[in-house]
Amino acid sequence: MRHFLDLDLLKPDELALILDAALDEKQNRTFSRQAALAGKSLALVFEKNSTRTRISFQTAMQQLGGQSFVLDAGTSQLGRGETIADTARVLSRYVDAIMLRTDGHDKLEEMARYASVPVINGLTDKSHPCQIMADLLTVKEHFGDLSKRRVVWLGDGNNVAVSWVQAAAAFNIEMVVSTPPSMQIPGDVQDWLANQGGHRVTFSNDPDAVEGADVVIADTWVSMGDEAEAENRLKTLAPFQVNQNCMAKASSEAVFLHCLPAHRGEEVTDEVIDGPQSLVFDEAENRMHAQKAVLLWCFGLITPDQLGSEYQADSDFVMSYMLEGGSIAGRLVRLGPAVDEIVSKHDLPLSVGLLLSEYMVSAAAMASTLKFDGILTFQTKSSGPVSMMVTDVTTDGALRAMVSVDRERLATLGARPSAQALLGKGYLAITVDQGPDMDRYQGVVDIVGTNFIDTLHHYFKQSDQQDIVIKIATDYQNGVYRAGALTAQRVAFEGGLEIDEDEALENWRRSVILMSSATSGEILAPELQPAELLFRLFHEDGVQVMPPKALKAQCRCSAERVENVLRSLSDEERQHCLNDDKQIVSVCEFCRSNYIFELDDQGQPHRVDAE
């Protein structure tokens, strides 16, 4: 059973799946045409009034073939003191899911604790996740890749802002939350955010933080329950009004969002909310599409293979498959936004960018075949112009990479040098690190052949692994890098099972031939569903396809780590690190982030800025 209570309780790949299902449903009505929720019923429980939440959920259920029932305090026993726990137990006997819109997050948690059906957060005093899924859908269909846009929140650090912060952390969105000092995001949310490695969320008290924003978001300054403080709130929040002057400071392509209802003339002016930059009515419509996807996810009815091409076009994943009998398994890996983000940050010549893409997708494919909890690292050191490459993959699919290039030597090799020319002589080290309590594994082989795959196959032959073959495809079109990999592996039988070796070998050879028939275009093509490709290749061999696992570009650097290193140095060593501006600048070789420190009167580092 799946509840939809808060965005921080779902994995990023689950949120991405819901978002892509919402976009697919809006564009193709895939699930509405199937009447996917026929026979299902939803209880809509309102302790706080609503227009958009009520109508969007009712319409969503109707279009998906289900039905809904509305309960509020005035027409149900909730208004006469019946406990949330009892209501949850009773409703669970009648309906298939419950949506609760309430003034207390503790009531939502109690409803979920005692219900035996999925519970959905329609709004609480703490968060508003359904609204933010609609916001994300609006930004995604307008701009595309969420991680390449700058989002600025102006106003009160309220429940909607909290859910936006959770979303920004999950989708690696650059976000600034600008509020008056007395209305900041709650401390427990800031503490949670501090423990989320690699996020790009910052806090400000400056209304001019809107400078360069792609998305500007505001919300009502005086919500239900705040009426007694209305005069003080309006005065405090006045500098944060979104007006034409404010939008002029944002990007020329900036858009405006507001969850509605809006108090025109307070948090936003008529000129903005009715102007060409406003997407508020698209945003309102998208509540319905987003909530369709939330409902389908709660019922376990969406998987990536059910979606249209948009899911694959914007996704990075590894998909496992196994052939009938269990003796042969493999992986299909596709890297789009993740590999493009990582490679583009290094401003590489095309030949090196494609080599690094090949390197990363190979590591992702190999990591998915191993059972480990930690980090798998590929590292090459060699005599060529590309003297070192490092990429690592964590168990949860976080990728990063760096490369050292001698550009003068590279220029002598021509336009499209081979991997052999780029790398020269050297070695590949593959390391699996599972933490201080586990032995560290490392395998080292010489760089051989004319391309990187030759070296990888050389490693497989030298190691104790079963037979493995891998096919790699890379591409650079319209300024965007892509990479893909398809693998096949013989799986060792356990438990003393007797097998026909000749038959097993013949099956293996057949599988390698079939796998090799996949073209580079098919491995990369976002419009070709991964399961469709695998079924085309192996349909006669009883292929079983597993749900995909999301991959993402995410560095593990942080200001705290840099500061700890600086504090571990002697005073003399820290002084030696200072530049002409009396600052210590640390640049992450993986993600190119800058961490800038100065020394205080005691010679200890303190952070002053970061990019």
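Just need a number here: residues in segment 588-597 that are free of Cβ contacts under 8 Å to residues at least 40 places away in the same chain and open to solvent by 60 Å² or more (accessible area, probe 1.4 Å).
0
Is one or more of the residues making up segment 176-185 in contact (Cβ under 8 Å) with a residue 12 or more places away in the chain and either at positive phi or aromatic (Phe, Trp, Tyr) (or both)? Break it down into steps so the answer makes sense when it comes.
At the first step, the residues of segment 176-185 found to be in contact (Cβ under 8 Å) with a residue 12 or more places away in the chain are 176-185.
Then keep just the ones that are either at positive phi or aromatic (Phe, Trp, Tyr) (or both); that gives none.
The answer is no; no qualifying residue exists.
Considering only residues of segment 530-549 that are open to solvent by 30 Å² or more (accessible area, probe 1.4 Å) and of a type in the set (A, V, I, L, M), which is farthest from Ile342 (Cα to Cα)?
Once the filter is applied, the top-ranked residue is Val545.
Looking at (1) over 29 Å from Arg409 (Cα atoms); (2) under 22 Å from the mean Cα position of the chain (by Cα), find the lone condition where His346 falls short.
Here His346 clears every test but (1).
Considering only helices (runs of 4 or more DSSP H) fully contained in segment 1-112, which possess at least 1 residues that are closer than 20 Å to Ser127 by Cα and open to solvent by less than 10 Å² (accessible area, probe 1.4 Å)?
Numbers: elements: 12-28, 30-33, 52-63, 84-94.
Where helices (runs of 4 or more DSSP H) fall fully within segment 1-112 and carry at least 1 residues being closer than 20 Å to Ser127 by Cα and open to solvent by less than 10 Å² (accessible area, probe 1.4 Å), they are 12-28, 52-63.
In the list Glu527, Glu560, which residue meets the criterion of being in contact (Cβ under 8 Å) with a residue 60 or more places away in the chain, closer than 30 Å to Asp347 by Cβ and loosely packed, with under 13 Cβ neighbours inside 10 Å?
So the residue among Glu527, Glu560 that is in contact (Cβ under 8 Å) with a residue 60 or more places away in the chain, closer than 30 Å to Asp347 by Cβ and loosely packed, with under 13 Cβ neighbours inside 10 Å is Glu527.
Gly197 - would you say it is closer than 30 Å to Val119 by Cα and surrounded by fewer than 18 Cβ atoms within 10 Å (Cβ to Cβ)?
In short, yes.
Taking segment 434-450 only, how many residues are assigned to a loop (DSSP other than H, G, I, E, B) and surrounded by 12 or more Cβ atoms within 10 Å (Cβ to Cβ)?
Our first condition is that a residue be assigned to a loop (DSSP other than H, G, I, E, B); within segment 434-450, this holds for 434-440, 447-450.
The next check asks that each one be surrounded by 12 or more Cβ atoms within 10 Å (Cβ to Cβ); those that pass are 434, 438, 447-449.
Residues in segment 434-450 being assigned to a loop (DSSP other than H, G, I, E, B) and surrounded by 12 or more Cβ atoms within 10 Å (Cβ to Cβ): 5 in total.
Does segment 599-610 contain any residue that is among the basic types (Lys, Arg) and surrounded by 12 or more Cβ atoms within 10 Å (Cβ to Cβ)?
Within segment 599-610 (the criterion being among the basic types (Lys, Arg) and surrounded by 12 or more Cβ atoms within 10 Å (Cβ to Cβ)), the answer is yes, since at least one residue qualifies.
For segment 374-400, enumerate the residues that are among the small types (Gly, Ala, Ser), within 16 Å of Phe452 (Cα to Cα) and part of a strand (DSSP E or B). I'd like the intermediate steps shown before the answer.
Residues of segment 374-400 that are among the small types (Gly, Ala, Ser), as a first pass: 374, 382-384, 387, 397-398.
Checking which are within 16 Å of Phe452 (Cα to Cα) leaves us with 382-384, 387.
Those that are among the small types (Gly, Ala, Ser), within 16 Å of Phe452 (Cα to Cα) and part of a strand (DSSP E or B): Ser382, Ser387.
For segment 30-49, which residues satisfy the criterion of being touching a helix residue (DSSP H, G or I) at 6+ places or on another chain (Cβ under 9 Å) and either of a type in the set (Phe, Trp, Tyr) or more than 22 Å from Asp96 (Cα to Cα) (or both)?
Phe31, Phe46, listed by residue number.
Within segment 130-142, does at least one residue satisfy the condition of being outside any loop (DSSP other than H, G, I, E, B), in contact with a Gly (Cβ under 7 Å, 6 or more places away or on another chain) and closer than 27 Å to Val222 by Cα?
Within segment 130-142, one or more residues are outside any loop (DSSP other than H, G, I, E, B), in contact with a Gly (Cβ under 7 Å, 6 or more places away or on another chain) and closer than 27 Å to Val222 by Cα.
May I ask you to say which residue of Leu19, Leu5, Leu15 is at negative phi and touching a strand residue (DSSP E or B) at 6+ places or on another chain (Cβ under 8 Å)?
Leu5
Search segment 210-236 for residues being within 16 Å of Asn159 (Cβ to Cβ) and in contact with a Phe, Trp or Tyr (Cβ under 6 Å, 6 or more places away or on another chain), and hand back the single one that is surrounded by the fewest Cβ atoms within 10 Å (Cβ to Cβ).
This residue is Arg233.
Hey, among the residues in segment 362-393 that are touching a Lys or Arg at 6+ places or on another chain (Cβ under 6 Å) and over 23 Å from Asp347 (Cβ atoms), which one's surrounded by the fewest Cβ atoms within 10 Å (Cβ to Cβ)?
So, considering only residues that are touching a Lys or Arg at 6+ places or on another chain (Cβ under 6 Å) and over 23 Å from Asp347 (Cβ atoms), the one surrounded by the fewest Cβ atoms within 10 Å (Cβ to Cβ) is Ser383.
What residue, of Ala85, Ala36, is of a type in the set (Gly, Ala, Ser), out of contact with any Ser or Thr (no Cβ under 8 Å at 6 or more places or on another chain) and modelled with pLDDT under 85?
Among Ala85, Ala36, only Ala36 is of a type in the set (Gly, Ala, Ser), out of contact with any Ser or Thr (no Cβ under 8 Å at 6 or more places or on another chain) and modelled with pLDDT under 85.
Residues that are within 30 Å of Ser558 (Cα to Cα) and of a type in the set (A, V, I, L, M): does segment 234-253 have at least one?
yes
I'm trying to understand the selection: among the residues of segment 373-412, which are in contact (Cβ under 8 Å) with a residue 40 or more places away in the chain and farther than 30 Å from Gly435 by Cα?
Selection gives Ser383, Gly384, Val405, Arg407, Leu410.
Kindly list the number of the only condition in (1) touching a strand residue (DSSP E or B) at 6+ places or on another chain (Cβ under 9 Å); (2) at pLDDT below 85; (3) of a type in the set (Val, Ile, Thr) that fails for Ile472.
(2)
Being surrounded by fewer than 20 Cβ atoms within 10 Å (Cβ to Cβ) and acidic (Asp, Glu) narrows it down to one of Asp135, Asp156, Asp145, so name that one.
Asp145
Consider Leu422 carefully, then state whether it is in a helix (DSSP H, G or I), modelled with pLDDT of 90 or more and either of a type in the set (Asp, Glu) or farther than 22 Å from Lys471 by Cα (or both).
Judged against the criteria, Leu422 is not a match.
Assess whether Gly424 counts as being surrounded by fewer than 19 Cβ atoms within 10 Å (Cβ to Cβ) and within 21 Å of Pro349 (Cβ to Cβ).
So Gly424 passes the test.
The values are calculated or read from the model by the stated rules, or taken from the named source; none is laboratory data. Computed from a prediction, not measured in an experiment: that's the story for all the values here. Every residue, glycine as well, gets a Cβ built from its backbone with ideal geometry; the counts of neighbours run over all protein chains shown. Just the protein is used for accessible areas: all its heavy atoms, side chains included, with ligands, DNA and RNA removed. Shrake-Rupley method; radii C 1.70, N 1.55, O 1.52, S 1.80 Å.
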